[in-house]
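Notes for the one structure printed next.
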Amino acid sequence: MSTTTRTVTSRPRLAPRRIGRWIDDWRPEDAAFWNASGATIARRNLIYSVASEHIGFSVWTLWSVLVLFLGPDYGFDVGQKFLLTAVPSLLGSFVRVPYTFAVAKFGGRNWTVISAALLLVPTVAIALVLEPGVSFETLLWVSALAGVGGGNFASSMTNINAFFPARLKGWALGINAGGGNLGVAVAQLVGLAVLALTGTQHPRLMVAIYIPLIVIVTVLSALKMDNLSQVSNAKGAIREVATHAESWVLAFLYIGTFGSFIGFSFAFGQVLLVQFPKEFPNPAAAAALTFLGPLLGSLIRPVGGRLADRYTGSLVTFWNFVAMALGTAVVLLAAALHSLPLFVTGFVTLFVFSGLGNGSTYKMIPAIFLAKAQLSVGSGTPVEQANALSLRRSGALIGLAGAIGALGGFGVNLAFRQSFLSLGNANGAYLAFLGFYLICLAVTWSWFLRARPGRLEGV
């Protein structure tokens, strides 16, 4: 009896094939590295990240303009129109968390390309179905698809956070977010132009403008951006940041800043039409003012980041909520007096300070985990390990806070809808906003400014 022995020769395990442009050595805190090549690479990626996020915000907020095209031929009431603007905020908030982790999974450049290409789904869908006779249910589903544009923000911010040193994160995140937020104002300007030139008969023209822009941004992102190999897969990072009370406090504050910005951006045009029908007899008249608030709020966001770099994010955020509370009080007074100039002044104030607060609150995210990293180094943790953990957790909180903050946009539109349906005006919504901002400023002072044991320095 013979025995045959099979010899199995094992092959060496090959490293997984990586797609796209990858950078394996990235040291932004090393001054020599940063000055030699790091700054140039980081700024190039920032430029194309802004472009992608800008188009994402434009698509996300398309319905803030498209509802102005829905005249009597469509047969939708005020409550239904507010739902059409609210649903993209809701979906956009949910997709922000997986979009954040996608950067670590696929690479920042690779995911920017994918997420930009996905913007074709809602725009093509709108172009196919938007015409008189379409059912409300169909439009509701199509408007929800626009939420993918909201996810671009989270992945873009997570990616850019990894490129820049701590001393420039507030500025870089502010530029990235502000350039993205400008997509709101630009989309509304495009809508205004279409309304002025064609009336309400050709809403598809608006999305036809954006489809080629999406293709261009997708191609440029593929050609010009880079992936960073040091951005590790953040499995479990959400669970880690969820154990830090500061994470939930920060997410709550972001509802007040970003939630207000995106919610007001969606609702402002409709509020003008409903609350001042004599002053705005047609959608084009309302659209002429609608873009102003988002424009100013977007432009000032980098200023909020820069001020936070200098004075700390918590101090800037505190005074920001004071200003937002005062702006809401002005809007309430204007509504009582039926004064359009005072109303616009108050609302623009809300836009400006919600934009400023976006920059200051987001600067607090890396500051929180940098402060915790410094404490851990003092307890014996190696510096590189502490910094890597800080970057990982900052990226996760960007996704979590961004998702929860975007829910505020959904809440703003629901508040307006309910107030108009119940009271016939928006006063109930304004009172709710005022109360919320007062709570936010109290929370900011209590957690980050008040002298107490365990308070993190420099946040």
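For a Förster distance of 25 Å, can you work out the FRET efficiency between the beta-carbons of Val322 and Ala245, rounded to the nearest 0.05? The computed FRET efficiency comes out at 0.60. The listed peptides 187-194, 244-251, 22-29, ordered by packing as a protection proxy, come out as 187-194, 244-251, 22-29 (highest mean of other Cβ atoms within 10 Å first).
Per the Kirkwood formula applied to alpha carbons, the chain shows a radius of gyration over Rh ratio, Rg over Rh, of 1.03. Taking the C-alpha atoms only, the angle from helix 78-106 to the longest principal axis of the chain is near 10 degrees. Label reach from Leu340 (point 7 Å along Cα→C-beta): in region 283-306, amide nitrogens under 14 Å belong to 283-290. Distances between placed amide hydrogens fall under 5 Å for Trp22 paired with Asn227, all partners being 5 or more residues away or on another chain.
Each peptide among 262-271, 296-305, 116-125, 130-139 gets the average number of other Cβ atoms lying within 10 Å of its residues, and from highest to lowest they stand as 262-271, 296-305, 116-125, 130-139. Using a simple spin-label model with pseudo-atoms 7 Å out from Cα toward Cβ, Ala388 and Gln201 lie 6.4 nm apart.
For the chain, the longest principal axis of the C-alpha atoms and the axis of helix 120-129 are separated by about 30°.
For region 121-148 versus region 60-101, the spacing of their alpha-carbon centroids is 10 Å.
Seen against the Cα atoms of the chain and their longest principal axis, helix 383-423 is set at about 20 degrees. Highest average first, the peptides 173-186, 371-384 ordered by how many other beta carbon atoms sit within 10 Å of their residues are 173-186, 371-384. The spacing between region 340-354 and region 206-281, judged by their C-alpha centroids, is 21 Å. A Förster radius of 45 Å, combined with the Cβ-Cβ distance separating Asp24 from Arg450, puts the computed FRET efficiency at roughly 0.55.
Among residues other than Val274 with Cβ under 13 Å from its Cβ, the summed charge is +1 (Lys and Arg +1, Asp and Glu -1).
Once the other residues with Cβ under 14 Å from the Cβ of Leu173 are scored (Lys, Arg +1; Asp, Glu -1), what is the net sum? With Lys, Arg at +1 and Asp, Glu at -1, the net is +4.
Distance between the modelled labels on Ala442 and Leu421, one decimal in nanometres: 2.9 nm (7 Å Cα→Cβ projection).
Throughout, read-outs are computed from the coordinates displayed, never taken from laboratory work. Fair warning: this is a prediction, and the values are worked out from it, not measured in the lab. No Cβ is skipped: glycine too gets one built from the backbone with ideal geometry, and neighbour counts run over all protein chains shown.
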